[in-house]
Structure formats: structure tokens, C-alpha cells
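Any read-out appearing in this document is the output of simple, stated calculations on the displayed coordinates, not a laboratory observation. What you see is a predicted model, and the numbers here were worked out from it, not measured in a lab. Note that each Cβ is placed from the backbone with ideal geometry, even for glycine, and that neighbours are counted across all protein chains shown.
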Amino acid sequence: MSETCLFCGISSGENPANIVYQDEMVTAFWDIKPIAPVHILIIPNKHIHSLNEISEADGPILAHMLFVARDLAKEHGVDEDGYRLMTNIGENGRQTVFHLHLHLIGGRRLMGRIVS
Ligand code: AMP
Ligand code: ZN
């Protein structure tokens, strides 16, 4: 855990968030500035800076993040119409919070290409 990390604070309960799911490995919560009717962030409870910093040992956590994303998509009714799952990395990827997170975005028709 990084003491100054916003998302570590959310997974530990020190920072407020609208949590939709939590277990020993991951936490999922609503994005504070949603860009679609469903916009949930899925994070590992363990501090990982970005996808660049994952290791082989993180495999089970990463797989679990995908399963949780799949289940939350279904729970929030976007699985059949479709949704987008993405992670931003670094400066050019426009990552703004440096704790690995998946954006689960759905509930409207998204742009055909990721243009911005
Ligand atoms: P990224 O640009 O991929 O690093 O995404 C960071 C996301 O975190 C953005 O979509 C923000 O709206 C979201 N965000 C920032 N602070 C909070 C917070 N306190 N609670 C929930 N979401 C947040
Ligand atoms: Zn963190």
C-alpha cells in the first residue's frame, strides 16, 4: 500500500467511494466523473502503479479483475448490449491515477474508435 495513493485509500476504506464490489483481491467503485451510464473502476487492492509494473505473481489478481469486470457488466445489465474495458498507461495513455485500474464503461453506444 502506498500512503499517498488515492486508490489505495479507497480499497482500505480511508478514502470515500461508492463501492459496488470488494473482496480480498479487488475493489470496484463508481467513477467520480462517469462518461457513460455505467462507469465502474476495478482495481487490485495491492498497489500496482500501472500495467507496466505487473509481474508473473500478479497473474491471479489480473485474471480476477477480468472475472469481476465480466460479472459487474452482467450485474449492471450491459453484458448483452456490450461495453468497453480499458486501462490507461502513462503519459501518452493519459493515466491520471497511478494505481492500476480497469474502466468498465457501458450503457450507451460508444465511439467506434478510441479517438481521444
Ligand atoms: P485514468 O485517467 O485512467 O487514470 O482514470 C482515472 C479515473 O479515476 C478517472 O476516470 C477519474 O474520474 C476517476 N477518479 C478520480 N478520483 C476518483 C475518486 N475519488 N473516486 C472515483 N473515481 C475517481
Ligand atoms: Zn495505490
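Some notes on this structure:
- Between the listed residues T27, G93, M111, the Cα displaced farthest toward the positive end of the dipole of the chain, a dipole computed from Cβ unit charges relative to the Cα centre, is found at M111.
- Restricting the calculation to alpha carbons of the chain gives Rg and Dmax of 13.7, 39 angstrom.
- Electrostatic bookkeeping for H47 treats Lys and Arg as +1 and Asp and Glu as -1; over the other residues with beta carbon under 14 Å from its beta carbon, the sum is -3.
- Taking other C-beta atoms within 10 Å as the exposure proxy, L66, L41 rank L66, L41 from fewest upward.
- C-alpha long axis of helix 59-75 to longest principal axis of the chain, angle in °: 40
- Helix-only mean residue ellipticity at 222 nm for the chain, each DSSP H run of n ≥ 4 adding -39500 (n - 2.57), per residue, nearest 500: -6500 deg cm²/dmol
- For the chain, modelled as a GNM whose springs connect Cα atoms under 10 angstrom apart, the maximal fluctuation among T27, T87, T96 occurs at T96.
- Summed side-chain charge close to N18 - residues other than N18 whose Cβ falls under 13 Å, Lys, Arg +1, Asp, Glu -1: 0
- Label-to-label distance, E14 versus S2, with points set 7 angstrom from Cα along the beta-carbon direction: 1.3 nm.
- Separation of the E75 and K46 label points, Cα + 7 Å toward Cβ, nm: 2.2
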